[in-house]
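Worksheet for the structure shown next.
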Amino acid sequence: MRRGIKWSNLYLAAVFLILYAPIFYLMFYSFNSGGSMREFESFTLEWYGEVFSDTRLLIIVLNTLVIALLSSLISTILGVIGALAIRQVRRLRSKHTLLSLNNVLIVSPDVIIGASFLILFTMIGLQLGFSSVLISHIAFSVPIVVLMVLPKLEEMSPTLIDAARDLGASRWEVLTKVTLPFIKPGIFAGFFMALTYSLDDFAVTFFVTGNGFSTLSVEIYSRARHGVSLSINALSTLLFLFTALLVVGYYFIHRRTNGKPANAEVGP
């Protein structure tokens, strides 16, 4: 048994090493004064200074954050409504059909989704830019939120709602004082997952961006095509650290909210 545990630990270590080694390699050379990734000469913050002195890049960072926050907020609201609607479906077959339709968008290749949105926006005459990127990010984030919220709804005992109604609570009070507090961990999980997906997305955004509007992922790709620059390393490092910070923040929020009883205090 000990040998099995040891081999499993070695396997996990090897997997994480393969996954994170390229990222740490990129981060390491973002501090290289040599200007290339062949040989490390000396430590410098020159490339980070170049990133923060680039006005166009700072505007793109702001665009990325606005798109990510707006799409995450809207998709969380729509995802919670969708999860509540699926929860209310009584017929098992209909519920499974709705869940399958929801999951199709998650497992579909990003290239297919991006191309589909490009064709749709072209057909309806919507100009590619902020609006097209925002709509696309909302569309692929909603199924993720549904997937995070629905299990928490399934965990909730129907007796909680029955007790609230017996105490004279209206439908709105049941929703705001019983249901939403109970599924709050799932809502936070869905929001942070949608935020992370929006920040990291490239394939869908690449298809639907235009008119001078860009996001960080598309900008990094565009710069990388013109040759290796360590400013790309610095920009990628900052993006990775910001995403990691979001994950850590969600972890601590989840620890604080998970396991606490929902406040089911309602009144007539």
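Every read-out reported here was derived from the displayed coordinates using simple, explicitly stated rules and does not represent laboratory data. From a predicted model like this one, the values you see are computed outputs, not experimental measurements. All Cβ positions, even for glycine, are placed from backbone atoms using ideal geometry, and neighbour counts span all protein chains on display.
Quick check: Cα centre of the stretch 152-210 to Cα centre of the stretch 78-134, how many Å?
Taking the Cα centre of each part, the stretch 152-210 and the stretch 78-134 sit 17 Å apart.
Go through S229, S72, A83 and say which Cα lies farthest out towards the positive end of the charge dipole of the chain; charges sit on Cβ, +1 for Lys and Arg, -1 for Asp and Glu.
A83
Would you work out which of F117, L45, A21 lies farthest towards the positive end of the dipole of the stretch 1-147? Charges go on Cβ: Lys and Arg +1, Asp and Glu -1.
Checking the options against the dipole of the stretch 1-147, the answer is F117.
Could you pull out the trypsin sites (Lys or Arg not before Pro) across the stretch 1-59 that fall in loop regions by DSSP (anything but H, G, I, E, B) with no more than 14 other Cβ atoms inside 10 Å?
For trypsin sites (Lys or Arg not before Pro) across the stretch 1-59 that sit outside H, G, I, E and B with at most 14 neighbouring Cβ atoms in 10 Å, the list reads R38.
Could you work out the per residue convex hull volume over the alpha carbons of the chain, in cubic angstrom?
Taking only Cα atoms, the chain has a hull volume of 202 Å³ per residue.
Kindly provide the helix-only [θ] at 222 nm of the chain, computed as the sum of -39,500 (n - 2.57) over DSSP H runs of four or more divided by all residues, to the nearest 500 deg cm²/dmol?
Counting only the DSSP helices, I get -25000 deg cm²/dmol.
How much length, in nm to one decimal, is gained on full extension between L70 and F202, taken as 0.36 nm per residue of separation minus their Cα-Cα distance?
Values: separation 132, 0.36 × 132 = 47.52 nm, distance 1.73 nm.
Residue separation times 0.36 nm, minus the Cα-Cα distance, leaves 45.8 nm.
Tell me the label-point distance for the pair A163, L19, using the 7 Å Cα-to-Cβ offset, in nm and rounded to one decimal.
3.9 nm
Connecting C-alpha atoms closer than 10 Å in a GNM of the chain, tell me which of T159, T44, T176 has the biggest fluctuation.
Comparing T159, T44, T176 in a Gaussian network model of the chain, the most mobile one is T159.
Modelled label-to-label distance, R225 and E39, 7 Å Cα→beta-carbon offset: nm?
Result: 3.3 nm between the two label points.
Enumerate by residue number the chymotrypsin sites (Phe, Trp or Tyr not before Pro) in the stretch 35-91 meeting two conditions: DSSP loop (anything except H, G, I, E, B), and at most 15 other Cβ atoms within 10 Å of the site's Cβ.
On the way: sites: F40, F43, W47, Y48, F52; in loops: F40.
When the chymotrypsin sites (Phe, Trp or Tyr not before Pro) of the stretch 35-91 are filtered for loop state and at most 15 Cβ neighbours within 10 Å, F40 remain.
Suppose every K and R has +1 on its Cβ and every D and E has -1 on its Cβ; what is the size of the dipole of the stretch 144-196 about the Cα centre, in Debye to the nearest 20?
The calculated dipole for the stretch 144-196 is roughly 160 debye.
Is the shape of the stretch 85-243 rounded, prolate or oblate, going by the alpha carbon gyration tensor and its root eigenvalues a ≥ b ≥ c, with a/c under 1.5 for rounded and a/b larger than b/c for prolate?
Prolate is the answer for the stretch 85-243, as a/c is 1.5 or above and a/b outweighs b/c.
About the Cα centre of the stretch 1-98, what is the dipole size in debye to 20, counting +1 per Lys and Arg Cβ and -1 per Asp and Glu Cβ, all else neutral?
The calculation lands at about 1340 debye.
Considering only V218, F242, T97, whose Cα is most displaced toward the positive end of the charge dipole of the chain, charges sitting on Cβ of Lys, Arg (+1) and Asp, Glu (-1)?
After comparing all options, I get T97.
How about K95: which aspartates and glutamates have a C-alpha closer than 15 Å to its C-alpha, ignoring those fewer than 8 places off in the same chain?
Straight-line reach from K95, under 15 Å: E154.
State to the nearest 20 debye the size of the charge dipole of the chain about its Cα centre, where the only charges are +1 on K and R beta carbons and -1 on D and E beta carbons.
Dipole of the chain, to the nearest 20 debye: 1080 debye.
At what distance in angstrom do the alpha carbon centres of the stretch 7-43 and the stretch 219-246 lie from each other?
Cα centres, the stretch 7-43 to the stretch 219-246: 14 Å.
Taking amide H positions as placed in the peptide plane 1.01 Å from N, state which residues far from G34 in sequence (5 or more) or on other chains have amide H under 5 Å from it.
Here E41, S42 satisfy the definition.
Once phi is turned into θ = phi - 60°, what whole-Hz ³J(HN,Hα) does the Karplus curve with 6.51, -1.76 and 1.60 give for every residue of the stretch 123-140, x standing for Gly and Pro?
Those phi angles translate into 5, 8, x, 7, 5, 6, x, 4, 5, 5, 5, 4, 4, 5, 5, 5, 4, 7 Hz.
Please give, to one decimal in nm, the separation of the simple spin-label points placed at S53 and V89, each 7 Å out from Cα toward the Cβ.
With each label point 7 Å from Cα toward Cβ, the separation is 5.7 nm.
Mind checking which of E50, E39, E173 has the largest fluctuation in a GNM of the chain, springs on alpha carbons under 10 Å?
Maximum among the listed residues: E39.
What list of ³J(HN,Hα) values in whole Hz, one per residue of the stretch 52-65 in order, does the Karplus curve 6.51 cos²θ - 1.76 cosθ + 1.60 (θ = phi - 60°) give from phi, with Gly and Pro shown as x?
Values, residue by residue: 6, 8, 8, 4, 4, 5, 5, 5, 5, 4, 5, 4, 4, 5 Hz.
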